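Accompanying notes for the structure given below.
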2 protein chains.
Amino acid sequence: MSQQDVPVPPWERPRKRPAPARVPLTRERIIDAAFAVLDREGYDKMSMRQVAAELGVAVSALYAHVSAKDELLQLMYNRMLRSVELPDPDPENWQEQIKEFARDGRTRMLSHRDMARISMEQTPFTPELLPHIEKLLAIFRQAGLPDRVAAIAGDILSTFMDGFILQESIWQGRRVEAGESGGTGDKGWPEMRAEIQKYFAALPADRFPNMVALADLMVDESNDYRFDLGLDIILRGLASYIEEK
Amino acid sequence: MSQQDVPVPPWERPRKRPAPARVPLTRERIIDAAFAVLDREGYDKMSMRQVAAELGVAVSALYAHVSAKDELLQLMYNRMLRSVELPDPDPENWQEQIKEFARDGRTRMLSHRDMARISMEQTPFTPELLPHIEKLLAIFRQAGLPDRVAAIAGDILSTFMDGFILQESIWQGRRVEAGESGGTGDKGWPEMRAEIQKYFAALPADRFPNMVALADLMVDESNDYRFDLGLDIILRGLASYIEEK
DNA sequence: AGATCTTTTGAACAGCGTTCATGATTTAGT
DNA sequence: ACTAAATCATGAACGCTGTTCAAAAGATCT
């Protein structure tokens with residue numbers, strides 16, 4: 001930024017050509033800007049025009065590097081899981097390996113606002129994903145899962161992950177919306193949770209006995225806890241197929 | 001339709017007022033039209049303007065009955081699960097009960113194009129859903145699940161359902177898109193599946209041994225089969241908690 | 001320095017959700 | 001039956017969206 005405001009000092013110019021005056025637009029820079037806008041404004045407001053504005057550039061300039069918004073979203077998706085790495089199969093610890101993979105994935109997703117929305121729209125079998133799918137398959141197979149289960153276990157898992165995180169971020173989105181309108185409406189997570197819990201507990205007990213009874217458990221637990229429990233349920237289910245081989 | 005083109009015959013006019021000449025716009029009619037547009041054009045093209053056109057009415061007329069597009073989508077969502085009914089808990093058959101519920105839900109979703117997209121955006125605890133959640137809880141608890149598991153079992157299940165169906169419909173969407181462009185590109189499901197399978201099988205076997213080995217199983221099975229297997233995995237996982245009570 | 005090729009621009013198109021004053025139509029009161 | 005009141009639908013407008021394209025600007029090479 002400041003590099004292009006200040007003239008380049010002579011002693012730092014060993015290059016033949018004085019380095020391009022204008023920093024050229026690249027895919028990488030566009031993706032960076034897109035993430036900046038996404039994190040600041042959210043998915044709904046992340047328009048091409050906003051991204052261009054972030055770069056101080058005309059909208060149409062983007063289309064020289066990116067064929068459409070869909071492609072940009074795909075690039076963002078790929079960027080996000082660029083550094084994902086799965087361990088080699090360790091049949092003793094396969095459940096823990098999978099859990100760690102899932103938790104890491106969730107952390108990645110949540111590290112960018114509304115990322116789950118973007119992830120959901122992507123085709124599940126992108127070339128960048130193939131190595132990860134391969135490793136997942138390896139882990140499942142070496143754990144002893146029958147092939148027909150191993151073949152779709154990854155599907156089930158990623159479906160759960162995407163779905164869970166998407167729901168999670170939709171909830172967060174609602175909270176922000178509600179907070180924007182009113183002056184005192186900027187209620188945080190705990191307040192909102194308390195409200196819902198109160199609402200559940202106040203339901204007519206004759207028609208909703210179970211909801212009233214479980215109001216605490218349904219709402220009070222953190223998303224981390226619920227995610228882990230869901231993960232555990234799925235892994236137990238998968239494990240139950242091992243003997244059948 | 002033809003009722004307003006042809007003058008009303010005198011012998012069929014026992015009403016004081018000759019029945020409103022213009023059929024009044026109602027929420028129900030708007031929802032009907034919205035579904036018509038959705039099924040015909042898909043989610044992306046289902047605009048307020050299209051819905052209004054479907055009714056032969058100005059766009060702004062809709063806003064007298066529906067506060068915003070979000071509300072219309074919510075109404076569509078509620079309409080879809082209006083007739084959902086869950087059985088009373090039968091602890092002997094709880095797994096089969098849940099499976100039937102899930103299969104019925106999936107059928108409903110798939111009966112309207114892109115319905116999963118709409119469903120995903122909805123808050124999970126809408127008043128219309130409460131009775132269903134209550135019954136689900138009843139089934140899970142009477143089956144012997146510990147409370148902390150029963151409380152989020154419904155969450156896990158619906159997350160899986162929504163996620164799975166959404167992925168499913170995104171795939172279908174891609175297929176349609178691809179089919180629209182090219183003349184011979186109108187490839188059906190089986191052709192596409194065969195292509196992907198071929199692609200998997202043709203991967204370098206040294207780097208992707210598991211994918212090559214499981215190419216058939218990963219792609220060849222129908223969505224119904226995969227959905228049922230996923231369901232079974234989750235139910236087995238849930239069942240594994242029963243003893244711990 | 002001039003010509004070539006790449007990148008960026010600005011304007012435009014068609015469509016979107018939403019609002020609002022105006023005009024039409026149905027309902028209610030006398 | 002005729003008028004006053006309330007309801008409903010309209011069309012135009014605002015500000016936004018993704019995307020295209022001829023023209024201008026910039027960098028590169030001879």
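The numbers here are math on the coordinates, done by the rules we state, and not lab data. Note that this is a predicted model, so its numbers are computed, not measured. Positions of Cβ are generated from backbone atoms using ideal geometry, with glycine treated the same way; all protein chains shown enter the neighbour counts.
The C-alpha atoms of the stretch B:23-67 occupy a region whose extents along the principal axes are 25, 18, 16 Å, arranged from largest to smallest. Taking only the C-alpha atoms of the stretch A:57-121, Rg followed by Dmax gives 16.2, 55 Å. Computed from point charges on the beta carbon alone (+1 for Lys and Arg, -1 for Asp and Glu), the dipole magnitude for the stretch A:81-140 about its Cα centre is near 380 Debye.
The loop-placed GluC sites (Glu not before Pro) in the stretch A:22-57, going by DSSP, include none that has at most 12 neighbouring Cβ atoms within 10 Å of its Cβ. Are any of the pairs A:Lys69/B:Lys45; A:Lys198/B:Lys69; A:Lys99/B:Lys135; B:Lys99/B:Lys198 more than 21 Å apart by Cα-Cα distance, and if so, which? Table pairs above 21 Å Cα-Cα are A:Lys198/B:Lys69; A:Lys99/B:Lys135; B:Lys99/B:Lys198.
Our coupling estimate for the stretch A:158-170, obtained by passing each phi through the Karplus curve with A = 6.51, B = -1.76, C = 1.60 and θ = phi - 60°, is 6, 4, 4, 4, 4, x, 4, 5, 4, 4, 3, 6, 5 Hz, Gly and Pro reported as x. Rounded to whole numbers, the Karplus 3J(HN,Hα) couplings from phi for the stretch A:55-70 are 8, x, 8, 6, 4, 5, 5, 4, 6, 7, 10, 9, 6, 6, 5, 3 Hz, using 6.51 cos²θ - 1.76 cosθ + 1.60 with θ = phi - 60°, and x at Gly and Pro.
What the phi angles of the stretch A:106-120 give under the Karplus curve with 6.51, -1.76 and 1.60, with θ = phi - 60°, is a coupling list of 5, 4, 4, 4, 6, 6, 10, 4, 6, 4, 4, 4, 5, 4, 4 Hz, glycine and proline written as x.
Here the label points at A:Ser83 and A:Glu195, each 7 Å from Cα along the C-beta direction, are separated by 3.7 nm in the simple model.
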